[in-house]
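Step one of this worksheet: look at the structure below.
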Amino acid sequence: EPEVTQTPSHQVTQMGQEVILRCVPISNHLYFYWYRQILGQKVEFLVSFYNNEISEKSEIFDDQFSVERPDGSNFTLKIRSTKLEDSAMYFCASSVTGFSAEAFFGQGTRLTVV
Amino acid sequence: DAKTTQPTSMDCAEGRAANLPCNHSTISGNEYVYWYRQIHSQGPQYIIHGLKNNETNEMASLIITEDRKSSTLILPHATLRDTAVYYCIVRVPNNNYGQNFVFGPGTRLSVLP
């Protein structure tokens with residue numbers, strides 16, 4: 001069964017450093033997403049991406065964040081200068097279309113900022 | 001997107017049906033009801049969705065009341081692996097923006113042996 005894969009599974013970084021979280025969406029999907037979940041809290045939407053541009057973003061997704069699809073398979077989330085409060089599980093997801101009920105989520109990258 | 005209300009937690013005996021309610025009294029006519037679940041700290045997993053008719057798939061059944069103000073997710077024969085947080089989400093599917101789901105706190109379902 002096709003799946004969304006995320007790397008690394010766990011990343012520890014120093015405050016102020018840049019991190020790039022990587023995702024490989026399902027190959028025939030056209031919409032890509034990043035969500036995050038701070039430990040013990042709700043899953044929060046960050047950004048959606050379609051046709052090589054951001055289609056929607058939340059208030060969380062400020063200038064410190066950026067997304068990119070550098071090639072035909074990878075979808076990345078970059079945090080420019082990490083803060084302690086960026087520590088969370090980051091989930092990548094993809095769907096075939098914007099109407100698709102089923103968004104497929106990856107297993108997540110646990111980011112720890114120290 | 002309409003707000004949903006779910007019980008914080010529920011227990012269910014293994015092998016029995018689990019009935020998870022969701023209240024969405026302010027739902028609008030073109031909003032769908034989606035159910036996802038999150039097992040431990042894994043990524044959310046799609047279960048089922050519907051607009052106004054009852055729906056069934058290999059995982060679950062979705063019963064939506066006639067006035068669409070509430071719905072119930074039914075897991076017909078719960079197993080220990082169904083222990084998870086279950087999220088009820090309502091939104092209008094939008095092909096311009098995709099599925100930008102707003103996850104609430106959900107219902108923590110514990111299936112007991």
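Candidates are the residues of the range A:41-100 that are small (Gly, Ala, Ser) and touching a Leu at 6+ places or on another chain (Cβ under 7 Å); the one that is farthest from B:VAL85 (Cα to Cα) is A:SER58. Of all the listed residues (B:ILE74, B:ILE39), the sole one being within 13 Å of the chain's Cα centre (by Cα) and at pLDDT 95 or above is B:ILE74.
Pairing residues of the range A:44-71 that are free of Cβ contacts under 8 Å to residues at least 12 places away in the same chain and away from every other protein chain (no Cβ under 11 Å) with residues that are buried (at least 19 other Cβ atoms within 10 Å of the Cβ) and part of a strand (DSSP E or B), at Cβ distances under 8 Å and at least 6 apart in sequence or on separate chains, gives A:GLU68/A:PHE75.
When the test is whether a residue is crowded, with 21+ Cβ neighbours inside 10 Å, within 13 Å of the chain's Cα centre (by Cα), more than 8 Å from chain B (Cβ to nearest Cβ) and touching a residue at least 40 places away in the same chain (Cβ under 8 Å), A:THR109 passes it.
Would you kindly identify the strands (runs of 3 or more DSSP E) lying entirely within the range B:35-113 that contain at least 3 residues that are within 11 Å of chain A (Cβ to nearest Cβ)?
In the range B:35-113, B:45-50, B:84-91 are the strands (runs of 3 or more DSSP E) which contain 3 or more residues that are within 11 Å of chain A (Cβ to nearest Cβ).
Counting just the residues of the range A:75-100 that are outside any strand (DSSP E or B) and surrounded by fewer than 16 Cβ atoms within 10 Å (Cβ to Cβ), which one comes out nearest to the other protein chains (Cβ to nearest Cβ)? My answer is A:PHE99.
The values are calculated or read from the model by the stated rules, or taken from the named source; none is laboratory data. For clarity, every value in this text was computed on a predicted model and none was experimentally measured. Every residue, glycine as well, gets a Cβ built from its backbone with ideal geometry; the counts of neighbours run over all protein chains shown.
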